[in-house]
Amino acid sequence: MIQIDQITFTYPDGTRALDNLILHIPRGVATGIVGANGAGKSTLVNHLNGWFMPGEGSIRVNGLEINAGNLERIRKCVGLVFQNPDDQLFTARVYDDVMFGPANLGMDRREAEASAERLLREFGLWEVRDKPPAHLSHGQKRFAALAAVMVMNPEVLVMDEPTSDLDPRNRRKLIGLIATLPATTVTVSHDLDFIWETCTAVCIMNAGRIVASGPARELLSDRALLELNGLELPLRLQGS
């Protein structure tokens, strides 16, 4: 589903965030991207629907190369939930934010409205659908941003730190939801217990490269590998 071949990316200040990175993700696989701060995780996932373009190398999603001419098709296929929901929610009402994508993609309005209502109810946001997003709690904003992407039924769902600001009950709700998704998922998170529960594969990043990849529970149980890359065992394993 996702083929990333030898991409590089350098910020205007000269920081080289991705360095000859190679990553292939099969269709339908839930993949976690983990690494210490500054490893390049958010920079990587911001490439997956064309928010950033690589300086070198190529990215293909479902066989379609990410370039300026294909952005509309790519963004129909890849839904990106930003790390900060305030970067994603911008209209006067929660409901309008959720319906913005379907309206711009030309989706059937009745189907989109039915999907929006289902998601807002599932996320406990139906009663606040007419409120400005700025009046929501951080956790509510997180779910509103997720609903605004999921309503478009993307083939690939990319989430950057999705458990930030979630209380334990809503974190558990999100885990249950992700387990039922048919989409290929890519999740960046420092919450390694969340990755343990939601991902079957893991890629570890360091200094802009993928330094290890494989079965999630195998890599997340490798104390030496994690510590070498600035990480610690998931909390569930720290007493082992």
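Coordinate-derived values only; no laboratory data. Bear in mind the structure is a predicted one, so any value in this text is a computation, not a measurement. As a convention, Cβ positions derive from the backbone with ideal geometry for all residues, glycine included, and neighbour counts pool all protein chains shown.
Data overview
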{"item": "Complete set of residues in the stretch 7-44 that are at positive phi and in contact with a Ser or Thr (Cβ under 8 Å, 6 or more places away or on another chain)", "result": "Asn20, Gly28"}
{"item": "Qualifying residue in the stretch 63-84 (condition: in a strand (DSSP E or B) and surrounded by fewer than 17 Cβ atoms within 10 Å (Cβ to Cβ))", "result": "yes"}
{"item": "Residue within the stretch 173-190 that is touching a Lys or Arg at 6+ places or on another chain (Cβ under 7 Å), surrounded by 20 or more Cβ atoms within 10 Å (Cβ to Cβ) and under 12 Å from Val29 (Cα atoms) present", "result": "yes"}
{"item": "Of all residues in the stretch 151-179 being polar (S, T, N, Q) and in a loop (DSSP other than H, G, I, E, B), the one that is farthest from Ile2 (Cα to Cα)", "result": "Ser164"}
{"item": "Within the stretch 189-229, tally of residues that are assigned to a loop (DSSP other than H, G, I, E, B) and closer than 12 Å to Lys41 by Cβ", "result": "5"}
{"item": "Condition broken by Phe9, with the remaining ones in (1) touching a residue at least 24 places away in the same chain (Cβ under 8 Å); (2) surrounded by 14 or more Cβ atoms within 10 Å (Cβ to Cβ); (3) closer than 23 Å to Ala201 by Cα satisfied", "result": "(3)"}
{"item": "Every residue from the stretch 91-150 that is in a helix (DSSP H, G or I), of a type in the set (Lys, Arg) and touching a Pro at 6+ places or on another chain (Cβ under 9 Å)", "result": "Arg109, Lys141, Arg142"}
{"item": "Members of the stretch 18-59 that are in a strand (DSSP E or B) and either over 23 Å from Arg75 (Cα atoms) or under 13 Å from the mean Cα position of the chain (by Cα) (or both)", "result": "Asp19, Asn20, Ala30, Thr31, Gly32, Ile33, Val34, Gly35"}
